[in-house]
Structures are given as structure tokens and as C-alpha cells.
Amino acid sequence: MNRRFFVGSSMLAATAAMAQRAVVEREGSGKIAINLGGYRSGSDAASRTFLSVLKADLNRSGYFSVSSSGGAVNVTGQVSAGSRIKADVAVYNASTRQRMLGKSYPAELSQVRAMAHKVADDIVYAVTGKRGMASGKIAVVGTRTGRKELHIFDMDGQGMRQVTNDRSIVVDARWTPDGKNLVYTSYKRGYPNVFMTGESKPLAAYGGMNASGAVSPDGKSMAVILSKDGNPELYVKSLRFGGGVTKLTKTRRGNEASPCWSPDGNHIAFVSDSSGRPQIYIVSKDGGTPQRLTSSGTENVAPDWGKNNYITFCTRSGGRYRVAIIDPKTRSTRVLETDWADYEDPCWAPDGRHIVCSRTSGYRSSIYLLDTLKDSPVALISGSGDWYSPACSP
């Protein structure tokens, strides 16, 4: 094929797709009315589950209002199941009849929910040009066994499974950049060490505290809090065999905590109480003088630097913990409106629009989903113990 023709055709196709997204009209609520009334489903349980999960995912995305008639976007096709399940999906602009997505999705019956999540994400991208979140995973620390252990579940709160059995205390879970493993702090050897799921040998086990491991976007280094030289300080440890450790902070009075990487891997945000109260700072991965980022509120903790280049964090003001977002370039800050409960430990969902956090009310903690653009907080998991410190997959 002529390369120039191929490139030109691709550009025309991309332009046409963008044009289709641009003319999709939204309702007064700001959501796009999407009609699934013409989508055919078999009477079997797997097909019914697929359609139910798909509708829920589209509603949860925040972009759509799902209906069975009318709408700016029509979804047609069918899902049927036998020994396996297959969904044929076509998405059209209702005004122009231009097709925005056409694809078949085969899967094992045991993967019907995962298939529905994939279809939902593909529809979100086809219509809005934005990444979806339905196929993501959330790691949390839970106490349903009576001890703090690490668990993973889907973005809709389903599919819960326990991934550690340390019979001790587990905290500070973070995903590796490839989304295949978790780095976490465990006291299973009596002292806080940093481990990776699937590995028996710790990533950090120096004398004193080893905590809050966060792997860099390129997977070559880990930001970590160590107290091997006295105060808890921020270090970067090479993950190569025989790699060294570099201290980035030297705080005589104060402690460091909760490091996270910038999307480009050049900077690290972390918490320090060197000014007297916990605040968020940013430092180069190569060292230098940390720059204070936050100033409002009595304390600002638990930063998470999203791929959208915004940092979400927990701020305390008026006796309440609330979720906030800051632009590290302009320092423009917005606090999300929630109810009277405490909202803590925020992390960005894969779509860069939603935030997952813990909500504490009446001394019980559960996991909630916050839409940064609209809508009220949505409970993902609650009951069967307390749930803390969510971490969303990349």
C-alpha cells in the first residue's frame, strides 16, 4: 500500500471520527442520551448480565444518560450465549446515521462482566474521545478477615478477591506501571518492609521503617520512605539488580510520607511536616530543593498525581477531611463538594475524570467514587469490615 495514501486515509478517518463526536448533542444535564432500546439480548443469564453491566457502566461513566428510546446515540446489535458468549455492537450518531463503532466481542462465559466493561470503555472512547474506566481495577486495604489485608475489585465494586494473606498489617498499596502487580507495605516480618505481589523477597528492608513504595512510570526506580539514617526521609531506589539508593530530602525536624510520581517521571510529590503541619511538596527525581505546593487548610496529605497532570489530595478544613484537586503548574485548587462525612485517600480512576477515595462515617470506612464534573458520590463497597487506601490501576 502507498504509505502516503495510508497516512492520508488515517488522518481523514480520524478527522471524520472527531467530527462525529463533535455533533453529538447533550441533554440539559450535560449528558449524552444513548439509546440501547434496539440492542437485542438473549434470555440466558449470561446475556442478561452483559446488558445489565453495560448499562450500569455507561451510566457510571458520567457521560451518558441511558434510555430505551430516542437519544443522540443509538447502540444496536445483539448478544447471545451458548458454550461461549459473543456480543456484536454497533454505535451510530442518531442524527447523521454515521457509524462510530462496529465490533464483535467474543469471550468465555466466566468473562461476561469483563467483556461488558470492555464494550463500555470502547463506547465511551468512540463517542467522546475520552478513555473509559470500566475495565480498571481498584486495590484496597480491607479488614473483613479481622486483619488488614490487600484486596482487588472491579471499578463497579464487583469481583472482590483477596491478594495477601500476611496475617499482619498491610498498608500503602500502589500499582506497578504495567498494572500487573502491587507494591505495598507489610508488617509480616515484624517491621514495615516494602513488598511486591508475587515476590517473596522485599523490595526495601533496611533498618527502621520502609514504607510507601511507588514505582516510577518507566518501572526502573521506586520512590520510598526510609528511616535507616534517622528521620523518615524520601529516597529513590533503583530496581535494577545491585542498584543503589539516593536520598532526596534531608529534614532535620519533620517526617516525609506518601510519595507519588509525575506522569513524565521527572518529579515526585510527597508530604512533609517540616513546616509544622503536613503539606505537599514537589522535588526533582534527581534531587534539589523541594518546592512547597499547598498552603490552604490545616493539613494536606495523600497526593496522587494523575496522567491528566492534576494532583488530587486530602485536605483538612473546618474539622473535616475533603478531596481536593490542584494544578501543580498554576497551583489553582478546587475542593470537591461532598456531604458531612470525611473523604480521604483519593486516587485518580483510569479515565482521569473520576476519583476513588475512602469515606468515613460513624467510625466505619467504605470506598466511594467521586465524579469531578458532576453527580453525587457513589458507594462502591461498604460493610463486611472497613476499607481504606484505594489505589486504581493505571
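Quick notes
- Sum of side-chain charges, SER272 neighbourhood, beta-carbon under 14 Å (Lys, Arg +1; Asp, Glu -1): +2
- Within-11-Å neighbourhood charge of PRO232 [Cβ basis; K, R +1; D, E -1]: -3
- Trypsin sites (Lys or Arg not before Pro) restricted to DSSP loop in the stretch 339-394 with at most 12 other C-beta within 10 Å: LYS374
- Under DSSP loop assignment and at most 13 Cβ neighbours within 10 Å, longest GluC sites (Glu not before Pro)-free interval of the chain: 28-198
- Peptide packing for 207-214, 35-42, 90-97 was compared via the average number of neighbouring C-beta atoms within 10 Å per residue; ordered from the highest value, the list is 207-214, 35-42, 90-97.
- Part-to-part distance (alpha-carbon centres) for the stretch 108-164 and the stretch 238-316, which is given in Å: 28
A short reminder: the numbers here are calculations on the coordinates, not readings from a lab. All figures in this text were calculated on a predicted structure; none of them were measured in a lab. Heads up, the Cβs are rebuilt from the backbone with ideal geometry, glycines too, and the neighbour counts pull from every protein chain shown.
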